[in-house]
Amino acid sequence: MQQPQKIIIADDHPLFRQALMTVLATKFAGVELFQANSVAELDQLLDTLDNVDLLLLDLNIPKAHGFNTLINIRNCYPQMGVIVVSGQEDPETICRSINYGAAGFVPKSTPVEEMMTAIATVLNGEQWLPEGVDGVNPVAENSMESKIISLSPRQHRILMMFADGMLNKQIAHELGLSEATIKAHASAIFLKLGVHTRTQAVIAMNQLQLENTSLSALADQ
């Protein structure tokens, strides 16, 4: 017997989440729906659930760091489809979302029926782009974007923790590792990115932000 499809909605707007869940429950018989309003809740769901079919991801969900959560999720869960559902509909955001691993991009202004068609298309293993978007430009080789994408899932997660201002001791506790291991990962991250400090690494990571992030509270370690 085929297992019901599992879909996660990761968005920090409760009304949008609830409306989308209601429509999905009507359009996709037997679907199992889950919701997260932050990256922390999304991580918990992904750690708990097996064989999630689709993630509907808002790039502005708290602690997402722009495109970085998308990249990390695609590295950790390559078999799971991801559709970016965003209020930002500019061509650059759309193209970068696809470059970083999204199978589709749905502007929040999209009519409901078209949104459901997009979801069904991605669930069937195909790509979905908004009308008028023909294709994307590949990430340039040896660019900072390509270097960040090349990080392992653990390295990328640690880099995001650096961006949150977490200390090595805090990161070690969170990941169940020693401080020495975190320092070793940090050295590997710096080497891959061609930087020497935490601040430089986070500045590099911020090239994948949707908006500028203040680094005033970040201290080198």
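The values are calculated or read from the model by the stated rules, or taken from the named source; none is laboratory data. Owing to the predicted nature of the structure, the values given are computational and were not obtained by experimental measurement. Backbone-built Cβ (ideal geometry, glycine too); neighbour counts: all protein chains shown. The accessibility values were calculated without ligands, DNA or RNA, using every heavy atom of the protein model including side chains. Shrake-Rupley method; radii C 1.70, N 1.55, O 1.52, S 1.80 Å.
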Worksheet item: Are there any helices in the chain, counted as whole DSSP H runs, that stretch 18 Å or more along their axis by Cα and score at least -1.0 on average by Kyte-Doolittle, and if so which?
Response: 14-27, 179-193
Worksheet entry | Residue order for CYS76, CYS95 - accessible surface, 1.4 angstrom probe, largest first | CYS76, CYS95
Discussion item. One quarter of the convex hull surface, Cα atoms only: what value does that give for segment 20-126 in nm²?
Written reply: 6.4
Worksheet item: Got a number for the accessible area of PHE67? Probe 1.4 Å, square angstrom, nearest 10.
Response: 0
Worksheet entry | Equivalent-ellipsoid semi-axes of the chain, from the Cα gyration tensor, Å, largest first | 31, 20, 15
Practice prompt. Grab the other residues whose beta carbon is less than 15 angstrom from that of ALA36, score K and R as +1, D and E as -1, and report the net.
Written response: -4
Practice prompt. Mind listing the long-range amide H neighbours of VAL85? Cut-off is under 5 Å, sequence gap 5 or more, other chains count too, H placed in the peptide plane at 1.01 Å from N.
Written response: LEU57, ASP58, LEU59, VAL106
Worksheet, complete the sentence: Calc'd 3J(HN,Hα), segment 141-149, phi into Karplus 6.51 cos²θ - 1.76 cosθ + 1.60 (θ = phi - 60°), Hz, glycine/Pro = x, comes to 5, 6, 6, 4, 4, 5, 5, 5, 4
Worksheet item: In the chain, what % of DSSP beta bridges are antiparallel (nearest 5)?
Response: 0
Fill in: Environment charge of VAL52, counting only residues whose C-beta is closer than 12 Å and scoring Lys/Arg +1, Asp/Glu -1
-3
Worksheet item: Which value, in Å², gives the accessible area per residue of the chain when a 1.4 Å probe is used on the protein heavy atoms?
Response: 51
Discussion item. Can you give the longest run of the chain that contains no GluC sites (Glu not before Pro) sitting in a DSSP loop with at most 11 other Cβ atoms inside 10 Å?
Written reply: 1-130
Item to complete: Show that you can apply the helix-only estimate: for the chain, add -39,500 (n - 2.57) for every DSSP H stretch of four or more residues, divide by all residues, and state [θ] at 222 nm to the nearest 500.
Response: -14000 deg cm²/dmol
Item to complete: Quote the charge dipole size of the chain about the Cα centre in Debye, to the nearest 20; the model charges only the Cβ of Lys and Arg (+1) and of Asp and Glu (-1).
Response: 700
Response to the item:
Listed by chain and number, the lysines with an alpha carbon less than 22 angstrom from that of LYS6, same-chain partners under 8 positions apart left out, are LYS27, LYS108
